[in-house]
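A short write-up of the structure that comes next.
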Amino acid sequence: PQAERLVHGPLTALMLLETFTFHHPGLELNAFEYRAINPVFVNQASTIHGSWTNKDTVRLWAIDDEGIVGMTGEVTVNANK
């Protein structure tokens, strides 16, 4: 049997960031931080979620179909624009 392959961590981080910018194209980013929590595997569904924590910060996370968080992230925007 072939072993499952891991998704490259920075690729998952890019998916977090691209999801945010897709939904908020006019906002100016100030910072983006991310942290891998659990492995993300090829050919397993992942869903990106996000929630505003205050007027200039969004928390993001990627979960698999079992609800296991693979990566978290935080985007800070320029709220004055």
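From the list Gly50, Gly9, Gly26, exactly one residue is of a type outside the set (Lys, Arg) and in contact with a helix residue (DSSP H, G or I) (Cβ under 8 Å, 6 or more places away or on another chain). Which is it?
The conditions single out Gly50.
Tell me, which residue of segment 27-43 that is in a loop (DSSP other than H, G, I, E, B) and without any contact (Cβ under 8 Å) to a residue 40 or more places away in the chain is least open to solvent (accessible area, probe 1.4 Å)?
Val40
Name, by its number, the condition in (1) small (Gly, Ala, Ser); (2) open to solvent by 40 Å² or more (accessible area, probe 1.4 Å); (3) in a helix (DSSP H, G or I) that does not hold for Ala13.
(2)
Consider Ile63 carefully, then state whether it is out of contact with any Lys or Arg (no Cβ under 7 Å at 6 or more places or on another chain), open to solvent by less than 60 Å² (accessible area, probe 1.4 Å), without any contact (Cβ under 8 Å) to a residue 24 or more places away in the chain and not in a loop (DSSP other than H, G, I, E, B). Steps first, answer last, please.
On the way: out of contact with any Lys or Arg (no Cβ under 7 Å at 6 or more places or on another chain): yes; open to solvent by less than 60 Å² (accessible area, probe 1.4 Å): yes; without any contact (Cβ under 8 Å) to a residue 24 or more places away in the chain: yes; not in a loop (DSSP other than H, G, I, E, B): yes.
Yes; evaluated as a whole, the condition is true for this residue.
Here is a yes/no grid of residues against (1) in a loop (DSSP other than H, G, I, E, B); (2) open to solvent by 60 Å² or more (accessible area, probe 1.4 Å); (3) β-branched (Val, Ile, Thr):
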residue: Glu4; (1), (2), (3): yes, yes, no
residue: Pro25; (1), (2), (3): yes, yes, no
residue: Gly50; (1), (2), (3): no, no, no
residue: Thr53; (1), (2), (3): no, yes, yes
residue: Arg59; (1), (2), (3): no, yes, no
residue: Gly73; (1), (2), (3): no, no, no
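The values are calculated or read from the model by the stated rules, or taken from the named source; none is laboratory data. Every value quoted in this text rests on a predicted model; they were computed, and no experiment measured them. Heads up, the Cβs are rebuilt from the backbone with ideal geometry, glycines too, and the neighbour counts pull from every protein chain shown. We work out accessible area using only protein heavy atoms, side chains counted, and drop any ligands, DNA or RNA first. Shrake-Rupley method; radii C 1.70, N 1.55, O 1.52, S 1.80 Å.
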